[in-house]
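One structure is given here, and the rest of the page talks about it.
The values are calculated or read from the model by the stated rules, or taken from the named source; none is laboratory data. Please read these numbers as outputs of a predicted model, since none were measured by experiment. Neighbour counts are summed over all protein chains in view; Cβ atoms, including those assigned to glycine, are modelled from backbone coordinates with ideal geometry. Calculation scope for accessible area: heavy atoms of the full protein, side chains included, ligands and nucleic acids excluded. Shrake-Rupley method; radii C 1.70, N 1.55, O 1.52, S 1.80 Å.
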Amino acid sequence: MTFSVHGLPVARGIAIGRAVLMASSRVDVAHYFIEAGQVDSEIARVRAGRNAVVDEIHRLQQTISLMGPKEAPHELTALLDVHLMLLQDEELISGVKRWITERLYNAEWALTTQLEVLARQFDEMEDEYLRERKADLEQVAERILRYMKGVASPVAAPVSPRRKTQQDLLLDDTMDVPLVLIAHDLSPADMLQFKQSVFAGFVTDVGGTASHTAIVARSMDIPAVVGARSASQLVRQDDWVIIDGDAGVMIVDPSPIILAEYGFKQRQAELERGRLSRLRHTPAVTLDGQKVDLLANIELPGDAPGAVTAGAVGVGLFRSEFLFMGRKGDLPGEDEQYLAYRRAVEGMQGLPVTIRTIDVGADKRLDDSLRDDAHLNPALGLRAIRWSLADPAMFLTQLRAILRAAAHGQVNLLIPMLAHASEIRQTVSLIDFARAELDNRGVAYGPVKLGAMIEIPAAALTLDIFLKYFDFLSIGTNDLIQYTLAIDRADESVAHLYDPLHPAVLRLVAETIAACNARGKGVSVCGEMAGDTTLTRLLLGLGLRSFSMHPARILAVKQEVLRADAGRLAPWAQQFLLAEDPARLLAG
Ligand code: PEP
Ligand code: MG
């Protein structure tokens, strides 16, 4: 039966494919694709895990049998019997085998996927006793997972799962069906793992449109919907689904008519892409001759060549924290970071690269296991520059690596989340210290322009202080909106109040642009507003001439720039600052 689930639109486009449900297990589970030749060894790993847990239960049963009838815990005996029965259930292992053989999932992923399938069957059982056995099944699967965790996979987890190649499609027709990922939640680190992966779209139950998970999904340029509440409960493994990333809707089990309609929309979007691609080499200049810089936001050095191809004139924001994620506490050292930054710089072929120092905390955890439950308000806590200043050794390592990379091209150094003059002074002296350390070691480094992100209202209200210390400013509207309106950007329940057009936000943005323009200092917007084509004319009218966004948005924004007359937009844009309801002006 066809039904739809509504959420928040994150990344545009239509995806049609089969659902891959990512189970939220309490054990940290790796998800990656294996090579066809590794199928047998992955199946053997699951079998070994299951056999180890069976042996463990047998040992426990033996211990119990040695007890007298009075001390023997009867409940435990019964529980162990149930666990043994579940472990020996062929449906568990044969299902896991199927996911490994047909989909080339790694062993842990296959096990959690099959667990999800069986758990649904338990949910649907009439008998309450049987329904409750779902918890036992989960326990059993978790024990197998824990055992497997102690036994390293012979298959190394690739940094990102392999994208399906043309050869795969020819060799194996079970792999030619597009897959879409449905999960309760995906951390930014999870999302990063899926960059370059086979997935044609994403849906998550939680998350706001400016959450970092959404941002990474957008950077992957595939349709995505977040905040779809119970989507992961309503969809079953392998269901056909349509993800409409424009409307923020997922349609499950679509009828042939609906499929045909969305197939048509998909082809239209392809045609539009083709049309836009012709603008790749056209300079971004408004009708009245104003030159506009369209820059790229990237997460990893490997994104740089794609940014050049997309027509970016530089990187306006390299979110360096993604180099630090998912490493289980083993942070990259100076040389590793230097090589990564250098790779990004060289990948941009002489164009400037703005590297932002690490911005972790809030919804960007270094590791999924390191959930920040200890702090009541992680978004207001120890994140970004506060985190760096709290660990000067880590910060200096990063600064030295960036300065060294600057010897290979044009590098700008960008500092996130500053609010206090004391933080600015501390940062500046640490940068001087990093240079002195490199001098002492006789290591080469290059000059950098120094920039600050304006993402806390306190910063936007004290621009004179910032302009004294910095060469340029970059407006992080994602956080600026969050902190101005007191709306957690990752919380879907208040997403309707997360409003880039709130007059308070617009006034802070406008004042920052005007102050920089008046002083001849560079200013750009690098939050999601920069890639939103409905806002391009407004930002141009407010005097912005530098926009930094996901590479996939560059051509659409360029089209808006080419059609705009910046001089005529200026008085129109000023009206927004005084309007009670600026969204109406935009519509009118
Ligand atoms: C922002 O806050 O607008 C920004 C670009 O930084 P991030 O999204 O990484 O917090
Ligand atoms: Mg930010």
Sum of -39500 (n - 2.57) over DSSP H runs of 4+, divided by residues of the chain (222 nm, nearest 500):
-14500 deg cm²/dmol
Please give the contour-minus-distance gain from Asp239 to Ala119: 0.36 nm per residue of separation, less the Cα-Cα distance, rounded to one decimal in nm.
41.6 nm
Distance in nm between pseudo-label sites at Glu126 and Asn440 (7 Å out along the Cβ direction from Cα):
7.8 nm
Tell me the label-point distance for the pair Ala44, Ala30, using the 7 Å Cα-to-Cβ offset, in nm and rounded to one decimal.
1.7 nm
Taking R0 as 51 Å and r as the Cβ-Cβ distance between Arg519 and His6, the FRET efficiency 1/(1 + (r/R0)^6), rounded to the nearest 0.05, comes to 0.65
Chain lengthening between Arg275 and Leu450 when straightened (0.36 nm per residue, less Cα-Cα):
59.2 nm
DSSP H helices in the chain with Cα extent of 18 Å or more along the helix axis and mean Kyte-Doolittle hydropathy at least 0.5?
74-87, 392-405, 503-519
Computed over the Cα atoms of region 424-542, what is the ratio Rg over Rh, Rh following Kirkwood?
1.07
Using only the Cα atoms of region 73-128, what semi-axes does the equivalent ellipsoid have when each is the square root of 5 times a gyration tensor eigenvalue? Give whole Å, largest first.
25, 14, 8
May I ask for the equivalent-ellipsoid semi-axes of region 364-480, computed as the square root of five times each C-alpha gyration tensor eigenvalue and listed largest first in whole Å?
25, 19, 12
Farthest toward the dipole's positive end in the chain, which of Phe122, Gly207, Ala579, given Cβ charges of +1 (Lys, Arg) and -1 (Asp, Glu) about the Cα centre?
Ala579
Heavy-atom accessible area of His31 with all protein chains present, probe 1.4 Å, nearest 10 Å²?
10 Å²
Of all the C-alpha pairs in the chain, what % are more than 33 Å from each other?
49 percent
Let me check something: with ligands and nucleic acids excluded, how do Leu473, Leu382 order by accessible area (1.4 Å probe), largest to smallest?
Leu382, Leu473
Restricting things to alpha carbons, find the Rg to Rh ratio for region 258-347 using the Kirkwood radius for Rh.
1.14
When every alpha-carbon pair in region 185-285 is counted, what percent end up more than 25 Å apart?
28 percent
Averaging sequence separations of C-alpha pairs under 8 Å and six or more residues apart, then dividing by the length of the chain, give the relative contact order as a whole percent.
15 percent
Taking 7 Å along the Cα-to-C-beta vector as the label spot, tell me the His58-Thr282 distance in nanometres, rounded to one decimal.
7.3 nm
Could you give the length gained by full extension between Arg146 and Asp335, i.e. 0.36 nm per residue of separation minus their alpha carbon distance, to one decimal place?
64.6 nm
How big is the dipole moment of region 432-585 about its Cα centre under a simple scheme where the beta carbon of each Lys and Arg is +1, that of each Asp and Glu is -1, and everything else is neutral? Debye, nearest 20, please.
700 debye
